[in-house]
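> Quick one: this structure, given as structure tokens, is what I'll be asking you about.
Please treat every number below as a calculation from the coordinates, not as lab data. All values reported here derive from a predicted model rather than from experimental measurement. Every residue, glycine as well, gets a Cβ built from its backbone with ideal geometry; the counts of neighbours run over all protein chains shown.
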Amino acid sequence: MKKYFVIFFLFFCIKLYSQNDFYEVGGYIKYLFSNTKAIDNKRLNDHLLHFRLNTKLYFSENLHLTSEFRNRIFFGQSIEQNENFLETKKSKHDLGNADFEWWKNKNSIGYSEIDRFYFDYTFNNLQFTIGRQRIAWGTALIWNPTDIFNPLSILDFDYEERPSVDAFRAQIFFSEVSKGEIVFKPGKTKENTIIASKVLLNNWNYDFHFIFGFKINKPFLGFEWAGDIFGAGFRGEVLYSKILNNNLTSSLNISNKYQASLALSADYTFSNTLYIHSELLFNDRGLVNNYYLADLYMKYLNLINPAKWSLYQEISYEFHPLLRASIFNIINLIDKSGIVVPSFHWSLQENLDIVSIILLCYGDANTEYSEYGSSFLISLKFSF
């Protein structure tokens, strides 16, 4: 059934491309090559061909339907090495994925999924959105503790659009710079259900956001801000939440306790296009060792990074309007492990870009980044 649904929508959206002004169609075609270091120290070569189709259908001035599709072909050595390769590439939705596996063999996979599918209705100063959508909370540029619905990993170089979530969202706009909103994300269980509210205000040339809700059946409070100091961007966010009580958290001695996360971000662009950015992340109950527990801590403590202290530093420079180079470093301030990522971005012509990225990890054994190895990626992207 999912196969025919995906085929129908792809055909419908392509058909719209030849019609008139009640729709928008865009997207891109991207080829991504990667060379990564496997656990056994072998180098693996992999290829990805990604066709993204974005559409918006207008029923009236107040009502529209947005649908966006990820159509990907994976081929290479990682598929041969990992029989669960596709599971690591699928989006995770509590209510199920609208996806289809076109084929799967020894070294290639064809896979499509509906990444966005939501109705948006506006009436006066009210806006209602229902369906699979992106809800981007948070003001920091790298780590967003208050993005409780679908936080992004900066090391996911293929997923530019950020993950989506199945939810109902209602917003009321008090002015151009202030609003209130409430979001309900249903789940199969109470632990997977989220309900949250947010109020956005502006004063003293700063945006202030106040957040309250329930996640994993426990309450949380959040606060965000964004502004500048002498021309430098200054942002931050705090999340304070109660940890779920179950057998696992009890065994880790963290059940029924509170966890606080803080992100501080500052950036500045000089007149010669030189850009610098630093960001600090603190998790009150983050790990200082035993990183094999990282996935559990991130799940049950609402963490976006398992470490107690992390620092991000970036510098970039525009050598030419069509060529930009950058390098960033993420370091665990406790165990001193980290990852360095230099990159180059060339705009070959309008709508055609090439990006090269290198990932170099360092650290002693059993530290946060010690098992990441090194990687090289290059992508060619045509947008339409």
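> Gaussian network model of the chain, Cα springs within a sub-10 Å range: biggest mean-square fluctuation belongs to which of K42, K185, K336?
The residue that fluctuates most here is K42.
> Shifting gears a bit: Using only the Cα atoms of region 111-215, what semi-axes does the equivalent ellipsoid have when each is the square root of 5 times a gyration tensor eigenvalue? Give whole Å, largest first.
Value: 23, 18, 15 Å, ordered largest first.
> Sticking with this structure for a sec: Read phi for every residue in region 131-139 and hand back ³J(HN,Hα) as whole Hz from Karplus 6.51 cos²θ - 1.76 cosθ + 1.60, θ = phi - 60°, with x for Gly and Pro.
Along region 131-139, the couplings run x, 7, 9, 9, 10, 9, 8, x, 10 Hz.
> Still on this structure, I have one more. Round to the nearest 0.05 the FRET efficiency obtained for N366 and A260 when R0 = 35 Å and r is the Cβ-Cβ distance.
Rounded to the nearest 0.05, the efficiency is 0.85.
> Let me ask another. Subtract the Cα-Cα distance of N35 and Y121 from 0.36 nm times their separation in residues, and report this length gain in nm to one decimal.
Between N35 and Y121, full extension yields an extra 26.5 nm.
> For Rg and Dmax of the Cα atoms in Å, the listed values are (1) 20.5, 65; (2) 21.8, 61; (3) 23.3, 69; which was obtained by calculation from the structure presented?
Recomputing Rg and Dmax of the Cα atoms in Å here picks out (2).
> Among Y292, Y28, rank each residue by its count of other Cβ atoms within 10 Å, from fewest to most, as a rough exposure measure.
Least crowded to most crowded, the residues run Y292, Y28.
> Among S175, S356, S316, which one moves the most in a GNM of the chain with springs linking Cα atoms closer than 10 Å?
Among S175, S356, S316, the largest GNM mean-square fluctuation belongs to S175.
> Under Stokes-Einstein, with the Kirkwood radius over Cα pairs standing in for Rh, what whole-number D in µm²/s applies to region 322-371 at 25 °C and 0.890 mPa s?
The Stokes-Einstein estimate is 199 µm²/s.
> Quick one: if you take sqrt(5λ) for each eigenvalue of the C-alpha gyration tensor of region 248-384, what semi-axes come out, biggest first, whole angstrom?
After diagonalising the Cα gyration tensor, the semi-axes are 35, 17, 14 Å.
> Something else: Given points 7 Å out from each Cα along the Cα-Cβ axis, report the N82 to Y58 separation in nanometres with one decimal.
4.3 nm
> Arranged by the count of other C-beta atoms within 10 angstrom, fewest first, what order do W143, W137, W204 take?
W204, W137, W143
> Along Cα→Cβ, 7 Å out, is where each label goes; now give me the distance between the ones at I182 and I276 in nm to one decimal.
4.6 nm
> Still on this model: What is the P(r) of region 134-285, as percent of Cα-Cα pairs per 10 Å bin from 0?
In whole percents, the pair-distance histogram is 10, 33, 37, 16, 4, 0.
> Would you kindly state how much longer the chain becomes between V288 and T269 on full extension, computed as 0.36 nm times their sequence separation minus their alpha carbon distance, in nm to one decimal?
Result: 3.5 nm gained on full extension.
> If I stretch the segment between K299 and A232 completely, what's the gain in nm (0.36 nm per residue apart, minus their alpha carbon distance), one decimal?
Full-extension gain reported as 20.7 nm.
> Tell me which residues come under 5 Å, amide H to amide H, from R285 once H is placed; ignore anything under 5 positions away on its chain.
A260
> Now for a different question. Spin-label point model (7 Å from Cα, Cβ direction): what's the N351 to V199 distance in nm?
Here the answer is 4.6 nm between the modelled labels.
> Using Cβ contacts closer than 10 Å as the measure, can you line up L311, L44, L293, L239 from fewest to most?
With the fewest neighbours first, L311, L44, L293, L239 line up as L293, L311, L44, L239.
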